[in-house]
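Novice: Before anything else, here's the structure in question.
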Amino acid sequence: APTTNPVTPSDKKVASAPASGVAGAPVDSGSYKIGPSDVLNIRVWNEPEFSGPVAVHQDGKFTLPLIGDLQAGGKTPNEVQDIISESLKKYVVKPLVTVTVQDVGSKRYYMDGLIARPGEYSLVVPTTILEAISKAGGLQDFANPKKIYILRGDKRIYFNYKDVIHGKRMDENVPLQPGDHIVVP
């Protein structure tokens, strides 16, 4: 299958940041830590049988033809490039490998309740609760902007939208963490 056309955000069922002219998620290949459900785009120069998208399994590994399972979980794309290059030396002379994150599946947050576009969102870049509400199209007409909260594990973190947009209680505009549920009553 040809892979020259990158998937645009409108083709996905999950809202995510636009890829600004580059195929793949806008992550830093030197610092982003790969997790389960991420999709990596592996390119080995002049070796199409080793190139293409691969999904990271729940155990943090992915599978390459002839090589088998390799560890990606907790590693950066740059570290995975080195692992693949080393593994391919048995089959390819001086392999030139590029690894990018095509889709972030391991880091997500959820918008629930009276929000314009409830659902699942990628947490690719640091995002505050106010930014998340904006990405989801804002509050619906009958939402209670003073009673919004984040469910984080067994904790509730309250957020008063009216105060924050007027420059008060800015400490409530916390950065989101993977797995957060923002509830708009």
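Novice: Across segment 39-73, what is the total count of residues that are surrounded by 14 or more Cβ atoms within 10 Å (Cβ to Cβ), charged (D, E, K, R) and modelled with pLDDT of 95 or more?
Specialist: The number of residues fulfilling the criteria is 2.
Novice: Residues that are closer than 30 Å to Y149 by Cβ, under 20 Å from the mean Cα position of the chain (by Cα) and of a type outside the set (A, V, I, L, M): find the strands (runs of 3 or more DSSP E) completely inside segment 33-115 holding 3 or more of those.
Specialist: Ranges flagged: 108-113.
Novice: Given the criteria surrounded by fewer than 20 Cβ atoms within 10 Å (Cβ to Cβ), among the polar types (S, T, N, Q) and free of Cβ contacts under 8 Å to residues at least 12 places away in the same chain, does T76 qualify? Steps first, answer last, please.
Specialist: On the way: surrounded by fewer than 20 Cβ atoms within 10 Å (Cβ to Cβ): yes; among the polar types (S, T, N, Q): yes; free of Cβ contacts under 8 Å to residues at least 12 places away in the same chain: no.
No: the conditions fail for T76.
Novice: Which residue, of A136, A132, A143, is surrounded by 12 or more Cβ atoms within 10 Å (Cβ to Cβ) and over 18 Å from the mean Cα position of the chain (by Cα)?
Specialist: A143
Novice: May I ask you to list the residues in segment 150-185 that are among the hydrophobic types (A, V, I, L, M, F, W, C) and closer than 19 Å to P126 by Cβ?
Specialist: I150, I157, F159, V164, M170, V174, L176, I182
The values are calculated or read from the model by the stated rules, or taken from the named source; none is laboratory data. Computed from a prediction, not measured in an experiment: that's the story for all the values here. Neighbour counts are summed over all protein chains in view; Cβ atoms, including those assigned to glycine, are modelled from backbone coordinates with ideal geometry.
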